[in-house]
Every structure is written in C-alpha cells, then in structure tokens.
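Novice: Before anything else, here's the structure in question.
None of the figures in this text is laboratory data; all of them are computed from the coordinates on show. Here the structure is a predicted model, which means the values were calculated and not measured. Here the Cβ is made from the backbone with ideal geometry for all residues, glycine too, and neighbour counts use every protein chain on show.
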Amino acid sequence: MKTKILKHFILAVCLSLLPMAMVAKQEAMVSSPSGNITLTTGVDNAGRPYYSLNRGKEEILLRSALGLKLKDGDLSNDFRLIGFSRATKDETWHQPWGEEDDVRNHYNELTMKLAQKKGLQRQLTIVFRVFDDGMGFRYVFPQQKNLSDFIITDELTEFCFKGDPEAWTLPFDADYYEGLWTKAPLSKKQKVCTPVTIEAKPDLYMMLHEANLTDYSSLNVKPIEAKEGYVRLKAELVPWSNGDLVRAKAPFVSPWRMLSVEDHVGGLITNRVMLNLNDPCKIKDTSWITTGKYVGVWWTYHMQHATWGIGPKHGATTENTKRYIDFAAEHGFKGVLVEGWNYGWENDWGKEGDKFNFTKPYPDYDFDGLQKYALSKGVSLIAHNETGGAAKNYEEQLEAAFSLYEKMGIKAIKTGYVNKVMDNKELQHSQYGVRHYRKVIEAAARHHIMVVNHEPAMPTGLQRTYPNLIASEGVRGQEWNAWDGAGGNPPYHLCVLPFTRQLAGPIDFTPGIFKLEGQVYAHTHPHTTLAKQLAEYVVIYTPWQMAADEIENYKDQPAFTFIEAMPSNWQKTVIPMAEIGKYIVTARQNRDNQDWFVGGMTDENARDISLKLDFLAPGTTYKAIIYKDGPDAEYDKNPYPMTIEQLVVNHDSVLKLHMAKSGGFAIQLIKQA
C-alpha cells in the first residue's frame with residue numbers, strides 16, 4: 001500500500017514538473033566570450049518572442065518584445081519554438097582604412113527558430129550575437145510556402161532600459177540629420193533617430209543603433225512606456241509615401257539592431273560591434289581605395305564670394321581651379337574638390353534636380369584639361385555630383401558618368417541630395433532612399449570610385465562591406481558657421497559629435513577654417529579658437545580630410561604646418577580623457593610609421609588638463625610639436641593667439657595644457673631614432 005501511494009506521489013510530482021520543463025525549454029541564454037554579457041531570449045505563454053540583457057548580475061535591458069506586423073498578418077505572437085542553435089566566431093579582419101589596422105570579431109551566436117501555431121503557420125528566425133562589448137540581433141524571414149512578397153507595416157522591436165538614464169539624441173525630423181544633439185532623461189525624449197548615446201552611470205555607457213542597413217527603412221525609436229524602474233523604447237521606421245515601411249520578398253533579413261556596452265566613455269569611440277555586424281568586404285581588390293587630404297572650391301560659395309551657377313562670379317572656372325591644383329601640389333594634398341562645374345546649377349536646382357548633367361561641364365571649366373593638369377602634378381579632381389534629390393535622374397546617368405570619371409582617372413566623388421524628398425515623393429531615409437544610396441555605392445565600386453555621401457541615410461558600418469564609401473555628412477557641419485542666422489554651431493557641438501553622430505561612421509565635417517570672422521553675418525562664424533580648428537583633424541574622423549577654407553587664408557600661417565603633416569589613416573586610436581559635451585582628447589597613431597597625433601578641445605569653458613602620454617611606446621623618445629591656445633585666446637573675442645612649442649617626451653611624460661574657452665590643442669609626436 002505504501003509503495004502504491006509512493007508511486008502515485010512520484011507520478012504526480014513528475015506531471016506537475018512537466019509544464020515547468022516545457023516552459024523552461026522555451027527560453028535560452030547566450031553569453032559573450034568572456035561571460036560578462038548575457039542575453040536571454042524565448043517565447044512567453046502567448047507565443048510572443050522577447051529578450052533581455054545583463055552585464056554580470058546587472059540588468060541592462062529588461063524583458064523587451066520582439067516581432068513585426070505585416071500587411072497580411074502579425075509576426076509578434078502565437079509562436080511555438082522550433083529550436084535553438086549555437087555558433088561562435090573569433091576572427092581578425094583588416095581594414096583598408098580606419099581608426100585602427102585590424103578589428104577582432106569575437107562573438108557567441110544564438111539562433112531562435114519560431115513557427116506560428118495557427119493560420120498560415122509562418123516561420124520567423126531571430127539571430128543574436130553577443131560580444132564582450134555589446135550585442136546585436138536581426139530578423140530572418142526564411143523562404144516558405146506562405147510567405148513570398150510581403151510588406152512590413154510595423155516593427156515591434158523594443159528596448160526596455162533599466163531606470164531612466166540620460167541620453168544624447170537628435171530629433172528624427174532634423175533635416176539631413178543637421179541638428180543639435182541634446183541630453184535629457186530617456187523618458188523625456190520624443191521620437192529620435194539613432195544612434196542614441198546613453199550615460200547610465202559612471203561605469204556604464206551605451207550606444208543604441210542599427211548595423212548593415214540594407215534594403216530596409218532607417219531606424220528611429222521613441223519611448224512608449226516610462227515607469228519607475230524602466231523606460232521602454234520601440235522601433236519606428238521611416239515610411240514610403242503610401243505608408244508602407246518595408247517591401248520585401250522571402251528569403252529576407254532585417255538590419256541588425258545593436259547595442260554597444262562600455263564601462264568608460266572613451267570605449268564608445270573604439271567599440272567595433274557595429275562594424276563587426278556588417279558583412280565582410282565585397283570588393284576583392286581594394287588597392288585603389290586610398291586616404292588623403294584635399295582642398296576645394298567650396299567655402300568661397302558659403303562666404304558668398306562666388307556662385308555655383310555660371311555667371312560673372314562663377315567659382316568653378318579653369319583659372320580658379322588651377323590655383324587650387326597648384327596649392328594642393330605644393331602642400332602635398334591629393335585632391336581638389338570643385339563644386340558648380342556641371343550644367344544644372346543655373347536652374348532652381350533644389351526643385352529642378354532632374355536638369356543636372358553629370359558629364360557636361362560649363363564652358364568656362366575645362367574638365368578634361370584640368371584633370372590632366374592635376375594628374376601631372378600628382379593631384380586629382382574630386383567630382384561633385386549634386387542631385388537636388390532627383391534620384392532617378394542620377395541613376396540614369398550613373399554608368400555614363402562613372403565610366404567617364406574612371407577613364408579620366410578620377411578616384412573620388414562627393415554626392416549631394418539637397419531636397420527633403422527624393423524624386424519629389426519619397427523620404428531620403430526610407431527604403432526608397434536606402435536602395436538608391438546602395439545603387440550609387442555599388443556602381444561606384446564597379447568603376448573604382450570612392451564616395452563621400454552628403455545628405456545620406458545615417459551610416460551603419462557599411463564601409464566594412466564597401467570601403468569605397470569613405471565618409472558621409474549627416475551632421476550639422478562647418479557650413480553652418482557660414483550662414484546660420486542663429487550664429488553657427490555652439491562651442492559644445494564638437495565635443496558631442498565624437499560620442500553621437502561619429503559613432504555611426506566617418507564624418508565629412510570640413511575642418512580647418514582659419515579666417516574666423518563672420519563674413520555673411522557678423523555674428524556667424526566658427527565659435528572656436530584657431531587651435532581648436534587644428535584639433536578637429538584628430539578628433540573628428542574621416543579618411544579624407546579637407547582643408548576647407550579659401551586657400552589664400554592659409555598663406556603665411558604657421559598653424560597650416562600641422563595640417564600638412566596630418567595623415568588620415570591610423571593603426572591605433574585611444575581616448576585618454578573625455579566627458580561628453582564638455583571636452584575630449586583623442587590620440588591616433590599613424591598607420592605608415594610610429595608617430596602619433598593628438599587633438600584636444602573644450603566647450604565654452606576654459607579648461608586645464610594633465611595629459612598622460614602613457615599610450616606611447618615605453619623606452620622610446622618622441623619630439624612633440626605642440627600647437628595650443630596662446631595667452632588671452634578666447635573664441636568669442638580673440639580666437640587667433642596660438643603658441644607653438646617643441647618638447648622631448650616619452651611614455652612617462654605628463655603635459656600640462658590649457659584650453660581657452662572653446663579652445664584646444666593639436667600635437668604631433670615624432671618618434672626619435
């Protein structure tokens with residue numbers, strides 16, 4: 001009798017544990033290679049997928065929903081788990097250009113395969129990758145019987161942050177991303193674009209963004225719930241003009257949704273999770289992809305000294321361009337950008353972009369002769385392709401234009417899309433715009449042409465796959481210091497960009513303005529000292545740096561020596577000290593030798609710092625050439641004073657440096673034999 005009762009008891013216990021076991025199997029965890037970051041994912045009792053993220057025992061992201069809505073169905077619930085699979089990767093890949101030579105790509109991967117229980121029983125796969133300094137995940141739509149062509153009408157991805165951390169963001173509707181980044185608690189934000197930079201606490205900094213934006217809509221996020229203990233963000237995509245978000249055909253994958261996680265603020269800049277989530281390079285031979293510096297017929301337009309369109313003040317003339325070519329050759333610059341060289345500028349080009357011709361120069365501009373002249377001096381023209389947002393017109397001319405440029409030996413172009421919509425209909429950051437930008441990049445790659453993309457979709461690390469995409473604008477850049485009626489960029493702006501927009505990719509900011517008085521408006525000018533203009537070359541990264549001022553303003557300027565010496569390709573980058581929006585010091589090691597370059601800048605407050613040079617090689621001496629704010633330098637009253645001094649330093653040296661209001665410094669460290 002006792003034995004029978006015991007058997008019944010054991011059976012009851014087993015039956016009671018069975019549902020728990022079944023529930024347990026609906027969830028899995030994956031940790032980073034070192035074990036410091038752990039992601040948990042699964043489906044709940046309603047078949048809704050979710051995930052959460054921990055750093056050690058600390059919760060970073062609380063349970064957050066996953067899923068999407070389609071025009072003909074809902075892919076956010078009623079799922080059953082098919083199974084989990086795991087993988088790991090540890091590789092090191094080389095960058096043709098970048099902030100360091102090589103990038104380690106080390107992650108553990110967990111794949112969750114789901115199928116809906118009822119209806120069309122559609123399948124959805126979610127792939128998670130967890131790194132020691134962040135994570136990413138993407139949706140995979142397998143080829144299947146009941147899913148062929150489909151339209152995404154909502155992405156339900158959530159990011160539920162613990163607490164209410166401070167965040168630096170940009171409004172989603174800032175034209176061309178040319179706005180000011182602001183800091184506030186996450187719960188106080190409206191809809192914003194990514195990246196979102198989060199200061200959670202002194203040892204927790206994060207960046208929320210996307211990686212590998214391919215044939216999809218750009219990511220925005222907005223708070224949908226804020227309670228004590230958490231703030232929940234939801235993905236918001238940029239629509240087509242009819243309201244569709246994404247038009248797709250299975251098999252299909254979304255971009256990665258990614259979060260970098262760092263214990264110090266400088267780590268955000270050297271974090272490579274976004275790059276690693278992009279596909280490997282698709283260009284077999286990258287030897288034609290180079291880095292360098294250039295000057296251009298550009299700032300003169302913003303100063304209203306010349307016009308883009310043909311006329312008595314036309315800037316893009318043969319005579320004027322030769323001056324810039326001669327200057328570039330004399331000072332070791334590789335490129336000369338010329339805007340306003342081609343037919344189309346004479347029209348109302350912001351509305352009539354379809355009249356641009358990308359192969360026909362104005363009669364006062366000897367396009368072919370100037371390129372031959374430039375090549376004879378070791379320089380090349382950079383062709384400017386402003387489209388006025390007329391994407392179809394540009395696409396129809398891509399092959400003819402790029403074939404011509406390739407034949408002429410032109411290696412780089414600058415594209416522009418000054419219009420809030422493409423083809424008078426579709427938003428630039430929608431899937432329509434994303435598709436167009438990719439066509440241009442791929443066509444340029446076929447013709448061995450590098451692209452600097454102005455008015456872009458927000459960069460997402462595609463330079464790993466297409467390293468001919470060398471930089472983008474998408475920022476409130478130097479030109480705002482020419483004609484902004486409100487006075488130009490505020491002093492703190494440059495101390496924010498390295499931790500916000502620059503985390504998405506290289507910026508074509510166009511530094512190096514040496515004439516700092518307002519010319520269009522008296523109160524509108526670069527709100528920096530001259531030394532801070534030099535610091536921009538180190539702090540704001542791009543593989544092609546511009547000396548943006550009119551060339552006559554560099555004459556007899558000792559500070560120009562620093563720009564001449566500056567490389568734009570690096571083997572290592574470190575951030576010795578920084579505080580977002582207040583100050584930053586960046587140090588980069590030249591890829592071609594062992595020299596270092598350091599740039600430091602501050603906001604509207606003067607600052608004294610002690611800079612340790614412990615990033616230098618031990619047992620080696622360096623000659624330091626220091627360009628710093630001189631006595632009485634102030635951005636708003638006296639921006640020009642600069643002191644240039646030389647010291648012998650080493651790994652143990654500490655430099656005492658003063659930065660004036662909105663000032664800075666630049667240092668060249670030359671390794672001694």
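Novice: How much length is gained if the chain between Asp348 and Thr214 is pulled fully straight, taking 0.36 nm per residue apart and subtracting their Cα-Cα distance, in nm to one decimal?
Specialist: 45.0 nm
Novice: Using a Cα distance threshold of under 27 Å, what count of lysine pairs results for the range 79-195 when pairs must be 8 or more residues apart or interchain?
Specialist: Lysine pairs satisfying the spacing and distance rule in the range 79-195 number 9.
Novice: If the cut-off is a Cα-Cα distance under 17 Å, which aspartates and glutamates reach Lys284, setting aside same-chain residues fewer than 8 apart in sequence?
Specialist: Hits, sequence-local ones excluded: Glu442.
Novice: List the lysines whose Cα lies under 19 Å from the Cα of Lys351, skipping any in the same chain that are fewer than 8 positions away.
Specialist: Cα-Cα hits under 19 Å: Lys392, Lys420, Lys425.
Novice: Tell me the label only: which of (i) 26.9, 112; (ii) 31.8, 90; (iii) 62.6, 194 is Rg and Dmax of the Cα atoms in Å as calculated from this structure?
Specialist: Recomputing Rg and Dmax of the Cα atoms in Å here gives the entry labelled (i).
Novice: Taking GluC sites (Glu not before Pro) as exposed when DSSP calls them loop (any state but H, G, I, E, B) and at most 10 other Cβ atoms lie within 10 Å, what is the longest stretch of the chain free of them, the sites themselves excluded? Display every interim value, and only then the final one.
Specialist: Values: sites that count: Glu228, Glu517.
Formally, the longest exposed-site-free interval is 229-516.
Novice: Okay, next question. If I fit a long axis through the Cα atoms of helix 2-24 and take the longest principal axis of the Cα atoms of the chain, what angle between them do I get, 0 to 90°, rounded to 10?
Specialist: The two axes meet at around 20 degrees.
Novice: Which order do Asp423, Asp368, Asp549 fall in if you start with the one that has the fewest other Cβ atoms within 10 Å? If you can, show how the numbers build up before the last one.
Specialist: Details: Asp423 20, Asp368 11, Asp549 26.
Neighbour counts put them in this order, fewest first: Asp368, Asp423, Asp549.
Novice: Compute the long axis of helix 530-539 from its Cα atoms, compare it with the longest principal axis of the Cα atoms of the chain, and write down the angle in degrees, 0 to 90, nearest 10.
Specialist: 40
Novice: Would you mind ranking Trp288, Trp308 so that the residue whose beta carbon has the fewest other beta carbons within 10 Å leads the list?
Specialist: Trp288, Trp308
Novice: What does the C-alpha gyration tensor say about the overall shape of the range 443-596? Classify as rounded when a/c is under 1.5, otherwise prolate if a/b is larger than b/c, or oblate. If you can, show how the numbers build up before the last one.
Specialist: Numbers: a/c = 1.43, a/b = 1.28, b/c = 1.12.
Rounded, because the longest to shortest axis ratio a/c is under 1.5.
Novice: Quick one: grab the alpha carbon gyration tensor of the range 279-473, order the square roots of its eigenvalues as a ≥ b ≥ c, and give me rounded if a/c is under 1.5, else prolate or oblate depending on whether a/b is larger than b/c.
Specialist: The shape class here is oblate.
Novice: Sort the range 29-276 into rounded, prolate or oblate with this rule: let a ≥ b ≥ c be the square roots of the eigenvalues of the Cα gyration tensor; rounded if a/c is under 1.5, and if a/c is not under 1.5, prolate when a/b is larger than b/c, oblate otherwise.
Specialist: Because its axes are fairly even, with a/c under 1.5, the range 29-276 counts as rounded.
Novice: Moving to a separate point now. Tell me which lysines have Cα within less than 18 Å of Lys313's Cα, excluding those fewer than 8 residues away on the same chain?
Specialist: List returned: Lys322.
Novice: Give me Arg55, Arg86 ranked fewest to most by other Cβ atoms within 10 Å of their Cβ, as a rough exposure proxy.
Specialist: Starting with the residue having the fewest Cβ neighbours, the order is Arg86, Arg55.
Novice: Using Cα atoms only, what is the angle between the long axis of helix 367-376 and the major principal axis of the chain, expressed in degrees (0 to 90) to the nearest 10?
Specialist: Roughly 80 degrees, rounded to the nearest 10.
Novice: Before rounding to the nearest 500, sum -39500 (n - 2.57) across all DSSP H runs of length at least 4 in the chain and divide by the residue total; then give [θ] at 222 nm in deg cm²/dmol.
Specialist: Result for the chain: -5000 deg cm²/dmol, rounded to the nearest 500.
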